[in-house]
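Below is one structure, written out as structure tokens; comments come after it.
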């Protein structure tokens with residue numbers, strides 16, 4: 001709020017004084033505010049890094065210097081499970097520091113986010129193609145039904161989905177999957193033949209694997225913007241729909257599919273509520289988000305292990321930071337795109 | 001060749017369901033099983049006393065809805081949510097408009113825009129952890145700085161009066177860059193000639209902001225407000241992590257941060273009453289729809305003053 005007030009005051013004062021001088025001062029003040037906001041945006045990450053590079057005993061001194069007196073990599077080593085007992089004692093300042101299996105949680109998150117991204121992008125892309133290009137009865141109505149999914153708060157469907165997971169366990173138990181024609185499909189890959197759905201990868205992945213209303217909507221908007229003439233040329237050359245989709249539409253739409261894939265990857269990487277419902281605290285499938293939450297819950301209220309918490313926090317943010325460094329520009333563009341539409 | 005070209009021009013128009021079916025099949029499976037069926041089942045659940053342990057429940061009519069009337073926890077959670085939304089949306093919108101206008105008038109730099117997008121990409125859990133540490137009472141850097149200027153340490157996440165403003169500020173930090181980008185995109189639709197004309201007439205930046213930018217931004221602003229308010233009413237992650245840490249009771253201290261989304265989650269999972277939770281989420285759906293409808297009406301979102 002004060003930001004805006006300062007700006008308006010600066011602008012108002014520029015009205016009274018000489019216009020060009022006032023305008024220059026106004027621009028200077030505005031730049032200063034903009035830079036301050038940029039600093040505020042990144043400072044917590046820098047501070048987290050500074051904390052993670054400090055031992056817990058040193059943190060207790062309460063120093064607010066931007067650099068630690070004695071930088072250490074021990075906390076990162078500890079979170080990655082590569083520190084020996086002496087190093088654990090030195091960096092955590094206690095005998096039995098809280099356990100956080102970062103690498104396992106990282107592996108789980110990668111499995112979940114990758115599976116969701118591949119399935120959702122491909123299948124939503126196919127649906128978007130149908131809605132953008134194919135003529136069939138009830139197309140607009142079906143699309144509206146899909147879109148209505150955007151209006152529903154996730155928790156409203158997560159509760160019935162949790163119950164569905166319990167039902168599915170019952171059906172899976174009956175063994176119909178293996179006894180039927182479907183038995184030749186290697187379901188083990190997705191632990192499908194495992195009876196439980198709670199506390200399994202398939203339980204966490206499946207609800208987002210086939211589509212989300214947002215993905216279909218987003219890609220349909222892109223497909224509508226693609227010039228039809230190349231597709232029509234391919235049809236004239238006798239290509240079928242599948243061929244056109246694979247060899248013409250996908251290559252043309254590749255940048256947009258990649259943009260959606262990045263957004264989906266980041267969204268599934270960050271998802272917290274559904275794993276909280278369905279992972280059942282199983283460390284073998286829990287992603288980083290819920291593991292970190294549990295890690296914080298288990299910390300003692302007095303003198304928690306801040307150095308390790310910040311090291312783990314930074315490491316879990318790292319892949320998103322990397323995606324951001326490579327694709328940041330594309331993400332900025334996509335937000336402006338979806339904002340205008 | 002002639003035979004093919006005869007129908008090919010309109011082949012993408014023909015084909016009908018026979019072709020479309022295969023393109024739609026996977027997404028249909030996902031939509032029906034994990035979106036449509038749960039939605040309908042959620043409606044039904046609201047009229048049952050479902051139990052997660054036996055995974056079954058009896059139809060109990062409107063009991064859950066009658067119970068909502070006298071539930072002081074529910075009215076508390078709605079009140080807490082309202083407080084949160086007002087503080088969060090108020091600060092976030094004003095700051096974002098400021099950022100968007102400054103970006104528009106000062107720089108086209110993609111770097112500036114992407115830096116401010118960074119917090120938005122972070123997992124909410126990471127955001128919560130970063131700020132629980134930054135705002136720690138004893139060692140947190142913010143309280144150390146307050147100490148320099150002579151302000152006593154503040155229990156940001158652990159005092160009943162501070163917790164909601166704190167979470168609102170943290171989420172403002174997270175979403176201001178993203179919201180600013182949406183508004184920025186809207187600013188690009190305003191013809192530059194209007195500002196040139198304003199400058200010739202000797203208008204100041206502030207006058208141009210009030211007379212040109214704000215009125216023409218209204219349709220975009222209305223949509224942005226709908227998106228952000230609907231999102232803000234569903235705040236959960238940061239509160240659950242930040243107030244549930246260190247063996248704390250999520251929603252605390254003393255229910256001061258138990259927003260409606262958290263209350264629904266706890267009712268369903270912690271208290272094992274998914275039927276009652278479904279009834280409360282129906283109330284939430286209704287509130288969200290009314291809010292969206294009213295906003296679009298009030299702000300006349302579809303119309304632009306450009307015409």
Selection from the range B:26-83 of residues that are without any contact (Cβ under 8 Å) to a residue 12 or more places away in the chain and more than 9 Å from chain A (Cβ to nearest Cβ): B:32, B:54, B:56, B:58, B:66, B:69, B:70, B:71, B:72, B:75, B:79, B:82
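Can you pull out every residue in the range B:257-272 that is surrounded by 19 or more Cβ atoms within 10 Å (Cβ to Cβ) and either at the interface with another protein chain (Cβ under 9 Å from one of its Cβ atoms) or in contact (Cβ under 8 Å) with a residue 40 or more places away in the chain (or both)?
Of everything in the range B:257-272, those that are surrounded by 19 or more Cβ atoms within 10 Å (Cβ to Cβ) and either at the interface with another protein chain (Cβ under 9 Å from one of its Cβ atoms) or in contact (Cβ under 8 Å) with a residue 40 or more places away in the chain (or both) turn out to be B:257, B:258, B:259, B:260, B:261, B:262, B:263, B:264, B:265, B:268.
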Helices (runs of 4 or more DSSP H) (entirely within the range A:1-93) containing at least 2 residues that are within 11 Å of another protein chain (Cβ to nearest Cβ) and at pLDDT 80 or above: A:19-52, A:56-59
Hey, residue B:117 at pLDDT below 90 and either more than 19 Å from the chain's Cα centre (by Cα) or part of a helix (DSSP H, G or I) (or both) or not: yes
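Let's see how each residue does on (1) buried (at least 24 other Cβ atoms within 10 Å of the Cβ); (2) over 25 Å from residue B:252 (Cα atoms):
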site	(1), (2)
A:255	no, yes
A:267	no, yes
A:273	no, no
A:289	yes, no
A:293	yes, no
A:296	yes, no
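Within the range A:215-331, which helices (runs of 4 or more DSSP H) (wholly inside it) include 3 or more residues that are within 25 Å of residue A:81 (Cβ to Cβ)?
Details: elements: A:229-236, A:241-244, A:250-270, A:273-278, A:288-298.
Correct list: A:250-270, A:288-298.
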Residue in the range A:239-248 that is facing chain B (nearest Cβ under 10 Å) and touching a residue at least 40 places away in the same chain (Cβ under 8 Å) present: yes
Matching residues in the range B:231-256 - criterion: being touching a helix residue (DSSP H, G or I) at 6+ places or on another chain (Cβ under 6 Å), more than 8 Å from chain A (Cβ to nearest Cβ) and in a helix (DSSP H, G or I): B:232, B:238, B:239, B:242
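If you check B:105, B:67, which single one turns out to be over 25 Å from the mean Cα position of the chain (by Cα), under 30 Å from residue A:31 (Cβ atoms) and not in a loop (DSSP other than H, G, I, E, B)?
Working: B:67 fails: under 30 Å from residue A:31 (Cβ atoms).
Result: B:105 is the single residue among B:105, B:67 that is over 25 Å from the mean Cα position of the chain (by Cα), under 30 Å from residue A:31 (Cβ atoms) and not in a loop (DSSP other than H, G, I, E, B).
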Conditions (1) surrounded by 22 or more Cβ atoms within 10 Å (Cβ to Cβ); (2) closer than 21 Å to residue A:310 by Cβ; number of the one not met by residue B:168: (2)
In the range A:143-164, the residues that are within 29 Å of residue A:231 (Cβ to Cβ) and facing chain B (nearest Cβ under 8 Å): A:145, A:146, A:149
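Would you check if residue A:58 is surrounded by fewer than 14 Cβ atoms within 10 Å (Cβ to Cβ) and within 25 Å of residue A:317 (Cβ to Cβ)?
Details: surrounded by fewer than 14 Cβ atoms within 10 Å (Cβ to Cβ): no; within 25 Å of residue A:317 (Cβ to Cβ): yes.
No, not satisfied.
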Residue match in the range B:48-62 (condition: at pLDDT 85 or above, buried (at least 17 other Cβ atoms within 10 Å of the Cβ) and assigned to a helix (DSSP H, G or I)): no
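For the range A:137-168, enumerate the residues that are within 13 Å of residue B:284 (Cβ to Cβ) and part of a helix (DSSP H, G or I).
A:151, A:154, A:155, A:156, A:157, A:158, A:159
The values are calculated or read from the model by the stated rules, or taken from the named source; none is laboratory data. Here the structure is a predicted model, which is why all the values come from computation and not from measurement. Here Cβ is always computed from backbone atoms with ideal geometry, including for glycine, and neighbour counts include all displayed protein chains.
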